[in-house]
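Asks: A single structure is presented below for examination.
Read-outs throughout are calculated quantities, based only on the coordinates presented, and are distinct from any laboratory measurement. Not measured: the values here are computed from a predicted model. Please note: Cβ atoms are built from the backbone with ideal geometry, for glycine as well, and neighbour counts cover all protein chains shown.
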Amino acid sequence: MKEIVVISGKGGTGKTSLVASLAALAQRPVLADCDVDAADLHLVLEPLVREENDFSGGKMARIIADKCSSCGKCFELCRFGAVVKNENQTPGFSIDQVACEGCGVCSYFCPEGAIEFKTAINGQWFISDTRYGPMVHARLGIAEENSGKLVALVRSQAKMIAERENLSCIVVDGPPGIGCPVIASITGADAVLIVTEPTVSGEHDLERVVELARHFDIPAYLCINKFDINPAMTGKIERKAAAEGVKVVGRIRYDRSVTEAQIKKIPVVLLAGAPPAEDIRDVWSNFANEINLQKK
Amino acid sequence: MKKSIAIAVASGKGGTGKTTVSTSLVCAAAAAAGYEATYLDCDVEEPNGHLFLKPRIERRFPVGIPVPVVDEEKCIACGVCGEVCQYSAIVCLNKTVLTFDKMCHGCGGCALACPAGAITEKEREIGVIEEGYAGDSAFSHGRLNVGEVMSPPLIKAVCSMGRGSALRIIDVPPGTSCPVIASIKGADYVLLVTEPTPFGVYDLDLAVNMVRELGLPFAVVVNRSRRDQTMALDYCKKKGVKILAEIADDRKVAESYSRGELPYFDVPGYRESMDELLISVLKEARQ
């Protein structure tokens, strides 16, 4: 079984549109949407939810009003600015749930035992069916933390499904950036497919995401989306990638049919007459060859 | 002295034009309003603003978080530190205390709880802040070290820069979780940049719910607007969300951006729309 993760560094380069097409091109893949704080893959794949579960990534503090003596110890100890002083009120302090990092220091050191520290629900995760294969996806609650833990959960569920149903490939839609949720998305994966765009931002962000893949020792492949926006930059990025040992698996042209496919809720490769479809097929074929994946 | 106004430019979905809009607002402030503006790039995972504003960097300093150091001589291997830690960053196994610095959130709980006084804290670098000037505008950005998970402390440090300037424009990372919250929490006003695509509008809804949860005043900028795609406008109308600007879809903007140029100086008509946006957003933020 191979687990491949589509990432980009820079946001909005076309990860999800590409993953939706790979869903249609791969042989019954398991799909995992790990961009848990702005998950979009379900908008195209229209999953039928089979199972819904709460996600609990950490604990939250709450002050119990009748036990609190307003001594201010919690205010003094919290390093995240999550204890708010309420002038002329009882109790004199409250917890800002958005700022709370879930460290529990306030609760542990409260001399009155007036701060409860309980497991919080931070989101939901789903196991669904799509036309192309099973899908695991999630929704992180508004302004919640612990996206890395939720990403790890989505991936482990996808892996369990792949093993149970003996499926050969997991395609992961990764988040933008290089931080916590991206690291949680790629550690231990078989390969990353980086989608970038021929812009100075795409070029800059690619460097950092390639460095990240190298840091975690994961083979990285590259495709350039909207390559015709700036062909000279496309060439420059491809040369740079090659020099970094990143294999280029294709170029995808810029076309409005990508948005049209989103509106029609179908992968671009299944939209009749869409010019990028051919490019995406080549990307998949080259990439699957590179990582020795059996093809449809 | 007038209060400094902080405008955060956020989006939910990546690649909708946050950096283009925020760098343009900085240019507009310098050119038209004569404002002493500061640009703060809080997208510390992938900062891009410097590629367009091309600042002269004058100062560079590390940002860290406090992590525990255990004095083995003093440690009595009681295991209290491991009980307090919610992040598995310090554990006591077989009478030895192990620390995992990258898991540490820097809450200080272990050092406070240690009955033997065996734990002190040292700063561990997670990234750097670079500051300087782009023309007359001040510039700061954070760069998270590659392989580092903990971005919010660096983001908070970037947000604390430029307090003296009349206007601060905060370029926010994509998404709706902790890095975004850390970036917009102290802002006076939030601009949500979207595009008229199903992904753009869906993620705009997440972002709208987020800023409403935080209780911040906000409005939407519809980027790459097209007459035949009204979904973003329809959404805003339905949800009672104010639209401060519609920026027409223009391949020239995309091309200018791809080369690292500022569409503000480069694309006819763009400058006027951004000058107007700055005036409207300042008016909104002062209310």
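Asks: So if I take the centroid of the Cα atoms in segment A:188-207 and the same for segment B:159-174, what is the distance between those two points in Å?
Replies: Using only Cα atoms to place each centre, the spacing works out to 27 Å.
Asks: Still on this structure: I want to verify a result. In a Gaussian network model of chain A, Cα cutoff 10 Å, which of these has the top mean-square fluctuation: A:SER17, A:SER107, A:SER128?
Replies: Greatest mean-square fluctuation among the candidates belongs to A:SER107.
Asks: Could you let me know the centre-to-centre spacing of segment A:234-296 and segment A:24-94, using Cα atoms, in angstrom?
Replies: The distance from the Cα centre of segment A:234-296 to that of segment A:24-94 comes to 36 Å.
Asks: To continue, here is another question. Skipping prolines and chain starts, which residues have an amide H placed within reach, meaning under 5 Å, of the one on A:PHE55, given they are 5 or more residues away or on another chain?
Replies: Excluding prolines and chain starts, which carry no amide H, the hits are A:ASN122, A:GLY123, A:GLN124, A:TRP125.
Asks: Using Cα springs under 10 Å in a Gaussian network model of chain A, which residue among A:LEU150, A:LEU41, A:LEU25 shows the largest mean-square fluctuation?
Replies: Highest fluctuation of the listed residues: A:LEU25.
Asks: Using each residue's phi in segment A:33-39, evaluate 6.51 cos²θ - 1.76 cosθ + 1.60 at θ = phi - 60° and report the 3J(HN,Hα) Karplus result to the nearest Hz, with x for Gly and Pro.
Replies: Each residue of segment A:33-39 in turn: 9, 9, 8, 6, 9, 8, 6 Hz.
Asks: Mind pulling the angle between the C-alpha long axis of helix A:275-290 and the longest principal axis of chain A? Nearest 10 degrees, somewhere in 0 to 90.
Replies: 80 degrees
Asks: How big is the convex hull of the Cα atoms of chain A, per residue, in Å³?
Replies: Taking only Cα atoms, chain A has a hull volume of 153 Å³ per residue.
Asks: Through the Karplus equation 6.51 cos²θ - 1.76 cosθ + 1.60, θ set to phi - 60°, convert the phi angles of segment A:194-202 into ³J(HN,Hα) values in whole Hz; use x for Gly and Pro.
Replies: After applying 6.51 cos²θ - 1.76 cosθ + 1.60, I find 8, 9, 10, 10, x, 10, 4, 5, x Hz.
Asks: What's the angle, to the nearest 10 degrees (0 to 90), between helix B:270-286's Cα axis and the longest principal axis of chain B?
Replies: 60 degrees
Asks: Here is a further query. Going by the alpha-carbon gyration tensor, a ≥ b ≥ c the square roots of its eigenvalues, is the protein assembly as shown rounded (a/c under 1.5) or, if a/c is not under 1.5, prolate (a/b greater than b/c) versus oblate? Walk me through the numbers before you get to the answer.
Replies: Numbers: a/c = 1.64, a/b = 1.20, b/c = 1.37.
Verdict is oblate for the protein assembly as shown.
Asks: Just the number: Rg to Rh for segment A:115-262, Cα atoms, Kirkwood Rh, two decimals.
Replies: Values: Rg = 17.8 Å, Rh = 17.4 Å.
Using only Cα positions, Rg/Rh for segment A:115-262 is 1.02.
Asks: Separate question: If amide hydrogens are placed 1.01 Å from N in the peptide plane, which non-local residues have theirs closer than 5 Å to the one on B:ASN223?
Replies: The answer is B:THR194, B:GLU195, B:ILE247.
Asks: To continue, here is another question. Counting Lys +1, Arg +1, Asp -1, Glu -1, what net charge surrounds A:LYS67 among other residues with beta carbon under 12 Å of its beta carbon?
Replies: Value of the local net charge: -2.
Asks: Further question: What does the convex hull of the alpha-carbon atoms of chain B project to on average, in nm²?
Replies: Mean shadow area of the hull around the Cα atoms is 17.4 nm².
Asks: So how tilted is helix B:18-28 from the main axis of chain B? Cα-based, degrees 0 to 90, rounded to 10.
Replies: 60 degrees
Asks: Using Cα pairs under 8 angstrom and six or more residues apart, how large is the relative contact order of chain B, in percent?
Replies: 27 percent
Asks: Okay, moving on. Can you tell me which of B:CYS42, B:CYS236, B:CYS78 moves the most in a GNM of chain B? Springs connect C-alpha atoms under 10 Å apart.
Replies: Taking springs between Cα atoms under 10 Å, the residue moving most is B:CYS78.
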